[in-house]
Amino acid sequence: MRKYAFLEEKIDEICKVMIYGSPDETYVFLYNTLQDTGCFADMCFEVLEEAEEYCEKLGINNEDWLFIDEPLDRCQDDIINCK
(Lines give C-alpha, C1' and ligand atoms only; values in the text may rest on other atoms or scores of the structure.)
Protein backbone atom coordinates (compact mmCIF):
# COMPACT_ATOMS: atom_id res chain seq x y z
CA MET A 1 0.00 0.00 0.00
CA ARG A 2 1.27 3.42 -0.96
CA LYS A 3 -0.44 6.77 -0.57
CA TYR A 4 0.70 10.36 -0.61
CA ALA A 5 -0.64 13.78 0.36
CA PHE A 6 0.32 17.43 0.09
CA LEU A 7 0.56 19.73 3.08
CA GLU A 8 -1.43 22.95 2.89
CA GLU A 9 1.63 24.85 4.12
CA LYS A 10 5.23 23.74 4.46
CA ILE A 11 6.29 22.52 7.89
CA ASP A 12 10.05 22.26 8.49
CA GLU A 13 10.65 22.06 4.70
CA ILE A 14 8.05 19.27 4.31
CA CYS A 15 5.45 19.90 1.60
CA LYS A 16 4.51 16.32 0.64
CA VAL A 17 4.50 12.95 2.41
CA MET A 18 4.11 9.35 1.33
CA ILE A 19 3.20 6.34 3.42
CA TYR A 20 4.49 3.01 2.17
CA GLY A 21 3.32 -0.08 3.98
CA SER A 22 5.66 -3.01 3.44
CA PRO A 23 5.10 -6.46 4.96
CA ASP A 24 7.50 -5.80 7.84
CA GLU A 25 7.31 -2.04 8.50
CA THR A 26 5.60 1.16 7.47
CA TYR A 27 7.61 4.06 6.09
CA VAL A 28 6.82 7.75 5.90
CA PHE A 29 8.78 9.51 3.17
CA LEU A 30 9.16 13.29 3.54
CA TYR A 31 9.58 15.58 0.52
CA ASN A 32 10.69 19.21 0.31
CA THR A 33 9.42 19.61 -3.27
CA LEU A 34 6.19 18.93 -5.12
CA GLN A 35 8.14 17.36 -7.98
CA ASP A 36 8.31 13.58 -8.30
CA THR A 37 11.78 13.06 -6.87
CA GLY A 38 13.23 11.01 -4.05
CA CYS A 39 12.47 12.03 -0.50
CA PHE A 40 14.87 14.11 1.59
CA ALA A 41 14.11 12.15 4.77
CA ASP A 42 12.20 9.11 5.91
CA MET A 43 10.86 7.57 9.08
CA CYS A 44 10.02 3.98 9.97
CA PHE A 45 7.07 2.86 12.08
CA GLU A 46 6.06 -0.58 13.30
CA VAL A 47 2.42 -0.21 12.25
CA LEU A 48 0.39 1.86 9.77
CA GLU A 49 -1.60 3.60 12.50
CA GLU A 50 1.55 5.15 13.98
CA ALA A 51 2.58 6.49 10.57
CA GLU A 52 -0.88 7.95 10.00
CA GLU A 53 -0.85 9.59 13.44
CA TYR A 54 2.46 11.26 12.60
CA CYS A 55 0.98 12.59 9.35
CA GLU A 56 -2.14 13.83 11.15
CA LYS A 57 0.17 16.02 13.26
CA LEU A 58 1.32 17.59 9.98
CA GLY A 59 -2.32 18.46 9.18
CA ILE A 60 -3.15 15.61 6.80
CA ASN A 61 -6.69 14.23 7.05
CA ASN A 62 -8.01 10.88 5.79
CA GLU A 63 -9.63 12.50 2.74
CA ASP A 64 -6.30 14.12 1.70
CA TRP A 65 -4.66 10.83 0.72
CA LEU A 66 -4.11 9.82 -2.91
CA PHE A 67 -3.59 6.07 -3.31
CA ILE A 68 -1.04 4.85 -5.85
CA ASP A 69 0.26 1.54 -7.16
CA GLU A 70 3.05 -0.41 -5.54
CA PRO A 71 6.52 0.47 -6.87
CA LEU A 72 7.87 -1.58 -9.75
CA ASP A 73 10.73 -3.97 -8.91
CA ARG A 74 13.36 -1.71 -10.50
CA CYS A 75 12.08 1.50 -8.84
CA GLN A 76 12.74 3.25 -5.57
CA ASP A 77 9.89 2.95 -3.06
CA ASP A 78 9.71 6.73 -2.59
CA ILE A 79 9.29 7.66 -6.29
CA ILE A 80 5.64 8.06 -7.27
CA ASN A 81 5.81 7.56 -11.05
CA CYS A 82 8.75 5.37 -11.98
CA LYS A 83 8.83 4.44 -15.67
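The values are calculated or read from the model by the stated rules, or taken from the named source; none is laboratory data. Predicted model, so just to flag it, every value in this text is computed and none were measured. Here the Cβ is made from the backbone with ideal geometry for all residues, glycine too, and neighbour counts use every protein chain on show. All accessible areas refer to the heavy atoms of the entire protein, side chains included, with ligands and DNA or RNA removed. Shrake-Rupley method; radii C 1.70, N 1.55, O 1.52, S 1.80 Å.
Some notes on this structure:
- Rounded accessible area per residue of the chain, 1.4 Å, Å²: 65
- On the principal axes of its alpha carbon atoms, the chain extends 32, 27, 22 Å, with the longest extent given first.
- By the Cβ distance rule (another cysteine Cβ under 4.7 Å), the unpaired cysteines of the chain are 15, 39, 44, 55.
- Virtual paramagnetic centre 7 Å along Cα→Cβ of residue 7, amide N under 14 Å, in segment 41-83: 41-43, 54-61
- Segment 1-64 - percent relative contact order, Cα under 8 Å, separation 6 or more: 28
- Low-density loop positions, GluC sites (Glu not before Pro), segment 15-83 - DSSP coil, at most 14 other Cβ in 10 Å: 25, 46
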